[in-house]
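To start, the structure under review is shown below, and the notes come after it.
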Amino acid sequence: QQPVQSPQAVILREGEDAVINCSSSKALYSVHWYRQKHGEAPVFLMILLKGGEQKGHEKISASFNEKKQQSSLYLTASQLSYSGTYFCGTGDKTSGSRLTFGEGTQLTVNP
Amino acid sequence: KAGVTQTPRYLIKTRGQQVTLSCSPISGHRSVSWYQQTPGQGLQFLFEYFSETQRNKGNFPGRFSGRQFSNSRSEMNVSTLELGDSALYLCASSLALPETQYFGPGTRLLVL
């Protein structure tokens with residue numbers, strides 16, 4: 001089951017904050033966040049594991065609510081370089097390295 | 001450390017042909033996963049290999065196959081190409097579960 005991301009698109013001015021949500025109908029073991037710029041490969045941002053361990057960026061943070069089966073990515077003081085499509089990929093314990101990705105959130109940061 | 005590399009980067013084929021794509025993971029990574037990305041379907045999991053064994057397979061027809069070699073390099077093959085196979089094929093490598101997967105630049109396949 002594909003996770004649901006919201007919003008589908010967001011436009012910001014440089015310096016503004018944004019939150020991207022990722023919800024799953026399945027019990028989650030891990031949530032992986034990636035950013036993809038047009039014509040490029042997805043770039044790893046953050047991984048959140050069941051139990052609260054979090055690894056990733058300094059300037060971007062995320063939360064993982066196991067009860068709600070939801071993760072949120074927080075982008076603070078956005079920069080022009082933050083523009084791109086953000087994907088969450090979810091994994092469960094039985095699926096190996098298989099990640100199921102959401103449809104993506106298109107983020108545009110304007111000067 | 002060198003990143004994930006994929007060859008070729010671009011490929012044009014015609015319907016009915018077959019194609020082989022190659023992926024070299026980050027040194028030391030033993031898990032390689034393949035994904036297909038299209039505008040309509042997004043990022044979809046194809047299969048995953050770990051230590052030369054296919055550990056997971058997505059919902060794709062048998063025309064899509066893969067393998068992994070003892071040096072962890074992986075190949076995927078698509079036989080009898082269809083127009084709908086046009087996509088960006090991405091491979092990702094990781095140390096182990098549930099560690100971070102690092103994506104390669106992808107191979108953009110166009111089927112005419």
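Please treat every number below as a calculation from the coordinates, not as lab data. Since the model is a prediction, treat every value here as computed from it, not as a measurement. In this analysis, Cβ positions are derived from the backbone assuming ideal geometry, glycine residues included, and neighbour counts consider all displayed protein chains.
A few comments on the model shown:
- Chain A - charge dipole about Cα centre, Lys and Arg +1 at Cβ, Asp and Glu -1, debye rounded to 20: 320 debye
- What you get for chain B, charging only the Cβ of Lys and Arg (+1) and of Asp and Glu (-1), is a dipole of about 160 debye around the Cα centre.
- Ignoring aspartates and glutamates fewer than eight residues from residue A:37 along the same chain, the ones with Cα atoms less than 16 angstrom from its Cα are A:103.
- Largest first, the extents of the alpha carbon coordinates of chain A on the three principal axes equal 44, 27, 20 Å.
- Distant-in-sequence amide H partners of residue A:104 (H built 1.01 Å from N, under 5 Å): A:5, A:88
- Karplus-derived 3J(HN,Hα), 6.51/-1.76/1.60, for each residue of segment B:15-23, Hz, glycine and proline x: 3, x, 6, 10, 9, 10, 10, 10, 9
- Relative contact order of chain B, taken over Cα pairs closer than 8 Å and 6 or more residues apart, is 37 percent.
- Relative packing of B:56-66, A:6-16, which averages over residues the other C-beta atoms within 10 Å, highest first: B:56-66, A:6-16
- Estimated vicinal HN-Hα couplings, Hz - segment B:103-112 in sequence order (Karplus 6.51, -1.76, 1.60; Gly, Pro = x): 8, x, x, x, 10, 8, 9, 10, 10, 9
- With R₀ fixed at 25 Å, the C-beta to C-beta distance from residue A:106 to residue B:110 puts the FRET efficiency at about 0.60.
- Contact order for chain A, expressed relative to its length and based on alpha carbon pairs under 8 Å spaced 6+ residues apart, stands at 38 percent.
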